[in-house]
Amino acid sequence: MLTLPCPFCGPRDETEFGYGGEAGVAYPERPADLDDAAWAEYLFLRANPRGWFTERWVHRAGCRQWFTVRRHTVTNEVVPDAAAQEVR
Amino acid sequence: MRTSERLPGHPDFLWATADPKSSYDVVVVGGGGHGLATAYYLAANHGITNVAVIEKGWLAGGNMARNTTIIRSNYLWDESAGIYEHSLGLWEGLEEELDCEILFSQRGVMNVAHSLGDVREGRRRVNANQLNGIDAQWLEPDEVGKLAPVLDVTDRPRYPVMGATFQPRGGIAKHDYVAWGYARAAAALGVDIIQDCEVQGFETDGDTVTAVKTSRGRIACGRLALCAAGHSGVLASQLGVRLPVQSHPLQALVSELLDQVLDTVVMSNAVHVYVSQAHKGELVMGAGVDAHLGYGQRGSFHVIEEQMAAAVELFPVFARAHVLRTWAGIVDVTPDASPIVGHLAQWANAYVNCGWGTGGFKATPGIGSVFADTVAHEAPHRLAEPYALDRFVSGRLIDEHGAAAVAH
């Protein structure tokens, strides 16, 4: 099981968290202006790296805050991201 | 090496281990079931024998060795019925086709319903299957209990069995034998099977992929066919193509060898477990995917715990069984739980077959023949056409989350 560093509660078991996938995917500023290809890219295309990945988790069974970490997708090593201090 | 007259001698090798030549008409990346089947049908159906299958590890050591071997075709939509039923038809003749035993056992596959929503969805799928000529039936709980006496069909479980879809022609096969059968048959037709050969990059010229750079040197390719399952996204990114796939660990486990207690396949979408009993006697069970991305071929133990809780609730007798080993494979999941098959628009001679997620094993013969046809004719096979990458732009998705039967 992963241990995730909640920036507010400290390290906790994975079972307390929900997964949010790739970090930094913002809703388009003017969605009506997107063509089909750009809309498909926003909806369906996410990074899927073998290696370091910046991702979102929510401490669902704890403080219920979202945060960002960097995790290695092969070794599962987790390091807090600088942006983790910033609740988004 | 110590020899003993009590031990049998080493069997003959089924296929010759090849060293890479400098060039092939088609290079298939990925020596799992799909890659081997694609190479076999390129040679057998289309006469294209100057083919290499390159595999970074050992033959069929990825998801082909890690799946729960369930075969069925009872998916919801017409597009899925097309490809999966084509595949099931090929399974039914595969032992003869490959002249090799694969322990294909049509013991039936049951998808259990635990709520009114499940019942409605199940009945709808049975009706859709029957319209497509697929042998689906709806079973009431007492009929479920007759087919699987160890399944608790009383109202005791937290999520009682309220019925099930059943496909009698579904079943299981011995995954290793399937891979070896395809490898042997492909090699006999002239295909080079090259193991320990990892793709490190591609050489391109204009809109053409001219060669694959591998850990065993440069291999020029006339056409490139990617069959790399969970690692498809990594390969495609080396070609500058982004695929709408996310790679997750998917776990499974087996018990010790037990007397035969279950002679059909039981899948429960709602409580996340699917079970069959292998020919040797192990109970083979699969879980839902781990939520996070991962390439480590292992998952978190709490997923196994949840899966065991569901299994013991449905099959009280399983409480006496022991988990012998657990493992994970890397599955490439698409947004609509349907595969991606076809030409990569950015390149003149590159084709991809991926996104089978949690259900690729059953498709092995079907997609092998369809993908080989697509690569051979440089045009999508009729059954592959709906699975082109551009459906994510057109919006013509094939949503099989319900029939995929594994939670993602």
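Yes or no, residue by residue, for (1) among the hydroxyl-bearing types (Ser, Thr, Tyr); (2) in contact with a Leu (Cβ under 6 Å, 6 or more places away or on another chain):
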{"position": "B:Asp205", "(1), (2)": "no, no"}
{"position": "B:Thr210", "(1), (2)": "yes, no"}
{"position": "B:Ala225", "(1), (2)": "no, no"}
{"position": "B:Arg242", "(1), (2)": "no, yes"}
{"position": "B:Val271", "(1), (2)": "no, no"}
{"position": "B:Gly294", "(1), (2)": "no, no"}
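Take region A:61-76 and flag every residue that is more than 8 Å from chain B (Cβ to nearest Cβ) and either modelled with pLDDT under 95 or surrounded by 14 or more Cβ atoms within 10 Å (Cβ to Cβ) (or both). If you could, list the steps in order and put the result at the bottom.
If we filter region A:61-76 for residues that are more than 8 Å from chain B (Cβ to nearest Cβ), which is where we start, we get A:61-70, A:72.
Scanning region A:61-76 gives A:Gly62, A:Cys63, A:Gln65, A:Trp66, A:Phe67, A:Thr68, A:Val69, A:Arg70, A:His72.
Scan region A:7-14 and give yes if some residue there is in contact with a helix residue (DSSP H, G or I) (Cβ under 9 Å, 6 or more places away or on another chain) and of a type in the set (Lys, Arg), otherwise no. Reasoning before the result, please.
As a first pass, look at region A:7-14 and keep what is in contact with a helix residue (DSSP H, G or I) (Cβ under 9 Å, 6 or more places away or on another chain): A:7, A:9, A:13-14.
Now narrow it down to the ones that are of a type in the set (Lys, Arg): none.
So far as region A:7-14 goes, no, none of its residues is in contact with a helix residue (DSSP H, G or I) (Cβ under 9 Å, 6 or more places away or on another chain) and of a type in the set (Lys, Arg).
Exactly one of (1) surrounded by fewer than 17 Cβ atoms within 10 Å (Cβ to Cβ); (2) in contact (Cβ under 8 Å) with a residue 12 or more places away in the chain is unmet by B:His231. Its number?
Result: B:His231 passes all but (1).
Do we have A:Glu55 as outside any loop (DSSP other than H, G, I, E, B), within 14 Å of chain B (Cβ to nearest Cβ), among the acidic types (Asp, Glu) and open to solvent by 30 Å² or more (accessible area, probe 1.4 Å) here? Talk me through it step by step, then tell me what you get.
Numbers: outside any loop (DSSP other than H, G, I, E, B): yes; within 14 Å of chain B (Cβ to nearest Cβ): yes; among the acidic types (Asp, Glu): yes; open to solvent by 30 Å² or more (accessible area, probe 1.4 Å): no.
No: the conditions fail for A:Glu55.
Could you check B:Ala403 against (1) part of a helix (DSSP H, G or I); (2) modelled with pLDDT of 95 or more; (3) under 21 Å from the mean Cα position of the chain (by Cα) and say which number it fails?
Going through (1) part of a helix (DSSP H, G or I); (2) modelled with pLDDT of 95 or more; (3) under 21 Å from the mean Cα position of the chain (by Cα) one by one, B:Ala403 breaks only (2).
Restricting to region B:360-382, what's the tally of residues that are buried (at least 23 other Cβ atoms within 10 Å of the Cβ) and over 19 Å from B:Val28 (Cα atoms)?
Total meeting the criteria: 1.
Which one is least open to solvent (accessible area, probe 1.4 Å), of the residues in region A:7-24 that are over 12 Å from the mean Cα position of the chain (by Cα) and within 11 Å of chain B (Cβ to nearest Cβ)?
Of region A:7-24, the ones over 12 Å from the mean Cα position of the chain (by Cα) are A:7-16.
Checking the rest, the ones that are also within 11 Å of chain B (Cβ to nearest Cβ) come to A:13-16.
Details: A:Asp13: 77, A:Glu14: 13, A:Thr15: 72, A:Glu16: 46 Å².
So, considering only residues that are over 12 Å from the mean Cα position of the chain (by Cα) and within 11 Å of chain B (Cβ to nearest Cβ), the one least open to solvent (accessible area, probe 1.4 Å) is A:Glu14.
Taking into account only those residues within region A:30-40 that are of a type in the set (Gly, Ala, Ser) and more than 8 Å from every other protein chain (Cβ to nearest Cβ), which is surrounded by the fewest Cβ atoms within 10 Å (Cβ to Cβ)? Walk me through how you get there before you give the answer.
Let us first name the residues in region A:30-40 that are of a type in the set (Gly, Ala, Ser), namely A:32, A:37-38, A:40.
Checking the rest, the ones that are also more than 8 Å from every other protein chain (Cβ to nearest Cβ) come to A:32, A:38.
Working: A:Ala32: 6, A:Ala38: 13.
Among those that are of a type in the set (Gly, Ala, Ser) and more than 8 Å from every other protein chain (Cβ to nearest Cβ), it is A:Ala32.
Going through region B:363-389 one residue at a time, which ones are of a type in the set (A, V, I, L, M, F, W, C) and without any contact (Cβ under 8 Å) to a residue 60 or more places away in the chain?
If we filter region B:363-389 for residues that are of a type in the set (A, V, I, L, M, F, W, C), which is where we start, we get B:363, B:367, B:370-372, B:375-376, B:379, B:383-384, B:388-389.
B:Ala379, B:Ala388, listed by residue number.
Given the structure, is A:Tyr27 more than 17 Å from B:Gly233 (Cβ to Cβ), of a type in the set (Ser, Thr, Tyr) and open to solvent by less than 60 Å² (accessible area, probe 1.4 Å)?
no
Part of a helix (DSSP H, G or I), open to solvent by 10 Å² or more (accessible area, probe 1.4 Å) and within 14 Å of another protein chain (Cβ to nearest Cβ): does that describe B:His248?
Details: part of a helix (DSSP H, G or I): no; open to solvent by 10 Å² or more (accessible area, probe 1.4 Å): yes; within 14 Å of another protein chain (Cβ to nearest Cβ): yes.
No.
Could we say that B:Thr165 is more than 26 Å from the chain's Cα centre (by Cα), over 22 Å from B:Ala328 (Cβ atoms) and of a type in the set (S, T, N, Q) here?
On the way: more than 26 Å from the chain's Cα centre (by Cα): no; over 22 Å from B:Ala328 (Cβ atoms): yes; of a type in the set (S, T, N, Q): yes.
Spelling it out, it is not the case that B:Thr165 is more than 26 Å from the chain's Cα centre (by Cα), over 22 Å from B:Ala328 (Cβ atoms) and of a type in the set (S, T, N, Q).
Just for strands (runs of 3 or more DSSP E) wholly inside region B:256-295: which have at least 1 residues that are farther than 20 Å from B:Arg66 by Cβ? Before you say what the answer is, go through the steps one by one.
Working: elements: B:265-268, B:273-277, B:282-289.
Here the list reads B:265-268.
Counting only residues that are part of a strand (DSSP E or B) and either polar (S, T, N, Q) or over 26 Å from B:Val245 (Cβ atoms) (or both), how many does region A:1-26 have? I'd like the intermediate steps shown before the answer.
At the first step, the residues of region A:1-26 found to be part of a strand (DSSP E or B) are A:3-6, A:10-13, A:18-22.
Cutting the leftovers down to either polar (S, T, N, Q) or over 26 Å from B:Val245 (Cβ atoms) (or both) gives us A:3, A:5-6, A:10-13.
The total comes to 7.
Just checking, how many residues over region B:192-233 are within 14 Å of another protein chain (Cβ to nearest Cβ) and assigned to a loop (DSSP other than H, G, I, E, B)?
Total meeting the criteria: 2.
Condition first: in contact with a helix residue (DSSP H, G or I) (Cβ under 6 Å, 6 or more places away or on another chain), open to solvent by less than 60 Å² (accessible area, probe 1.4 Å), at the interface with chain B (Cβ under 10 Å from one of its Cβ atoms) and among the polar types (S, T, N, Q). Can you find one or more residues in region A:41-52 that meet it?
Yes: one or more hits.
List pairs: first residue in region B:275-296 and among the basic types (Lys, Arg), second residue open to solvent by 20 Å² or more (accessible area, probe 1.4 Å) and in a strand (DSSP E or B) anywhere in the structure, Cβ distance under 6 angstrom, at least six positions apart or on different chains.
Cβ pairs passing all conditions: B:Lys280/B:Leu257.
The values are calculated or read from the model by the stated rules, or taken from the named source; none is laboratory data. Keep in mind the model is a prediction, meaning the values are calculated, not measured. No Cβ is skipped: glycine too gets one built from the backbone with ideal geometry, and neighbour counts run over all protein chains shown. Only protein heavy atoms, including side chains, enter the accessible area calculation; ligands, DNA and RNA are left aside. Shrake-Rupley method; radii C 1.70, N 1.55, O 1.52, S 1.80 Å.
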